[in-house]
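The values are calculated or read from the model by the stated rules, or taken from the named source; none is laboratory data. As the structure is a prediction and not an experimental result, all values here were calculated from the model. Every residue, glycine as well, gets a Cβ built from its backbone with ideal geometry; the counts of neighbours run over all protein chains shown.
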Amino acid sequence: MAFKISVIGTGYVGIVSGTTFAAQGNSVICVDIDQHKVELMRQGIPPIYEPGLEWLLKHNIEGNRLFFTTDLKYAIENSDIVFLCLPTPPDKDGAADLQNVLATSKEIAEIIRDNDLPRNKIIVDKSTVPVGTGEKVKKIFDDILPENEIEITSNPEFLSEGTAVEEAMKPDRVVVGTESQRVKDIMKDLYEPFLRSGNPLLFMDVRSAEITKYAANSMLALRISFMNELARYCDKVEADIELIRLGIGTDPRIGRRYLYAGLGYGGSCLPKDVKALIHSANEANSPVEMVQTAYEINNTQVHYFLSKIVKRFGKLNNLHFAMWGLSFKPNTDDLRESPALALINLLLAEGANVSVYDPQAMENTRKLFSDKITYGKDQYEILNQADALILTTEWSIFRKPEFDTMKNLLKNPVIFDGRNLYDLNEMKDFGFEYYSIGRKQIS
Ligand SMILES: NC(=O)c1ccc[n+]([C@@H]2O[C@H](COP(=O)([O-])OP(=O)(O)OC[C@H]3O[C@@H](n4cnc5c(N)ncnc54)[C@H](O)[C@@H]3O)[C@@H](O)[C@H]2O)c1
């Protein structure tokens, strides 16, 4: 059966959820407060870069299953299941700021009350929220709508930017926090087309579902920080973190993913979710000390990388660095908490000049740095007379570059590779001075 769904907040999670629900035949109304974004999406133009999204968006708009509006009332009137995909940014002490989720919940409850709409809608929280939020949302509905059958459900989202559409269409698992049989039946029906390959739909209580999301991201952060800490050790004792990665990642008990040493984790999720879990656990008087350590390692990783540059050049003022990669990872234009931005700021503070190139994130970077840095038309242009290349994001076009051209363009044949992309022997053969993370220095 096709469902009538509304999705409130059409950022990375909302637009991907909305389009993929529509792609299974459901009727989906997406709501956003950003009028410009809504106009773009109505024309089939995704406001973000995400592989596969544009086609899906256009296809479902043309199929009359996917609609965009700023009118929350219209969306609530015309849907039975309401997905909250609202931002939950960190506040100043690291806790998740629930203002958007709580205020929108209140607005929805008032719309239901004032328009005498059925009091049995299913409110599904896809935003990442700390334990206990479901109960806060429930109280809002119960206060405004006495005698309701509204169900507050947690359905944390695990997609990763860059592969979000693919992952949303075929999730590893779907977690649903609810104790209601009605919700279980509906969610089973809704997600059945996404789970044909046999991946599980896991039902649990709301509190456990809320924590599952933080646990997943914190575990990923732990793996990355562990590898970065080990890479620093490898630097000291002249071992190779990449070989160690292969040596442990092939152990099925450990697995291969999220074991890459580099500039540390960034993006809109891991940094904020790690901080929020630390905060929430401290509030419960049950500190998560391993997570705290992972957080601290991550905070110093870009500084550690900068120290390699400073060690090589001494003072950085008036030196020119070319940077490849700005987004926090490949295949996205998302710059939130990107290590590349932190590095640009540190280099500028040292008096260096920075020119940048990224396949998708140039426009967003320009909004942040305007004329403080220079922007290349392609990856090679910015190398001209640069003192060194700094590689910050592992986009595929940076993997097999024209090393001869690079050497001719650079003032000094020096590469600082924050992603361990290049082969040490190849660097030696081409005559580069090459610094990476947790591997031998080539000079
Ligand atoms: N980005 C990810 O990869 C990802 C993955 C899993 C979970 N999450 C979680 O999902 C939630 C949303 O994240 P995101 O990255 O999609 O956020 P985002 O910042 O990309 O998008 C949020 C959208 O909500 C809109 N919005 C804000 N207030 C609104 C309101 N009152 N009514 C309607 N629209 C409103 C904004 O205009 C924006 O378009 C967060 O809790 C995040 O932690 C994100």
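Some notes on this structure:
- Identity of the residue in region 1-55, touching a Phe, Trp or Tyr at 6+ places or on another chain (Cβ under 9 Å) and among the aromatic types (Phe, Trp, Tyr), that ends up nearest to VAL165 (Cα to Cα): PHE21
- Going through (1) away from the ligand (no atom under 12 Å from the Cβ); (2) outside any helix (DSSP H, G or I); (3) not β-branched (Val, Ile, Thr) one by one, CYS30 falls short only on (1).
- Within region 279-321, considering residues that are outside any helix (DSSP H, G or I) and either among the basic types (Lys, Arg) or in contact with a helix residue (DSSP H, G or I) (Cβ under 8 Å, 6 or more places away or on another chain) (or both), the one surrounded by the fewest Cβ atoms within 10 Å (Cβ to Cβ): LYS315
- So GLY52, is it small (Gly, Ala, Ser) and either within 23 Å of LEU335 (Cα to Cα) or within 10 Å of the ligand (Cβ to nearest atom) (or both): yes
- Test for LEU102: is it more than 21 Å from the chain's Cα centre (by Cα) and near the ligand (Cβ under 10 Å from one of its atoms): no
- Subset of region 38-65 that is more than 24 Å from the chain's Cα centre (by Cα) and under 30 Å from GLY134 (Cβ atoms) - its residue that is surrounded by the most Cβ atoms within 10 Å (Cβ to Cβ): ASN60
- The set of residues from region 60-78 being touching a Lys or Arg at 6+ places or on another chain (Cβ under 8 Å), in contact (Cβ under 8 Å) with a residue 60 or more places away in the chain and either within 14 Å of the ligand (Cβ to nearest atom) or not in a loop (DSSP other than H, G, I, E, B) (or both) comprises just one member, ILE76.
- Candidates GLY94, GLY63, GLY44, GLY134 - the one that is modelled with pLDDT under 95 and not basic (Lys, Arg): GLY94
- Test for LEU57: is it in the same structural domain as GLY132 (by TED's automatic domain parsing), of a type in the set (A, V, I, L, M) and away from the ligand (no atom under 11 Å from the Cβ): yes
- Filter pass, TYR295 being farther than 13 Å from TYR214 by Cβ, at pLDDT 95 or above and either under 18 Å from the mean Cα position of the chain (by Cα) or within 16 Å of the ligand (Cβ to nearest atom) (or both): no
- Residues in region 337-372 that are surrounded by 22 or more Cβ atoms within 10 Å (Cβ to Cβ), hydroxyl-bearing (Ser, Thr, Tyr) and part of a helix (DSSP H, G or I): THR365 only.
- Counting only helices (runs of 4 or more DSSP H) wholly contained in region 119-227, the ones carrying 3 or more residues that are within 15 Å of the ligand (Cβ to nearest atom) and of a type outside the set (D, E, K, R) occupy 133-144, 164-169.
- Yes/no for LYS372 being out of contact with any helix residue (DSSP H, G or I) (no Cβ under 8 Å at 6 or more places or on another chain) and of a type in the set (Lys, Arg): no
- Entry remark, region 2-16: residues being touching a residue at least 60 places away in the same chain (Cβ under 8 Å) and more than 9 Å from the ligand (Cβ to nearest atom) number 5 in total.
- Of the numbered criteria (1) within 16 Å of the ligand (Cβ to nearest atom); (2) within 24 Å of TYR422 (Cβ to Cβ), the one ARG245 fails is (1).
- Residues that are within 30 Å of ASP185 (Cβ to Cβ) and among the hydroxyl-bearing types (Ser, Thr, Tyr), drawn from region 1-49: SER6, THR10, TYR12, SER17, THR19, THR20, SER27
- Any chance ASN331 is part of a loop (DSSP other than H, G, I, E, B), within 16 Å of the ligand (Cβ to nearest atom), of a type in the set (S, T, N, Q) and assigned by TED's automatic domain parsing to the domain that holds GLU394: yes
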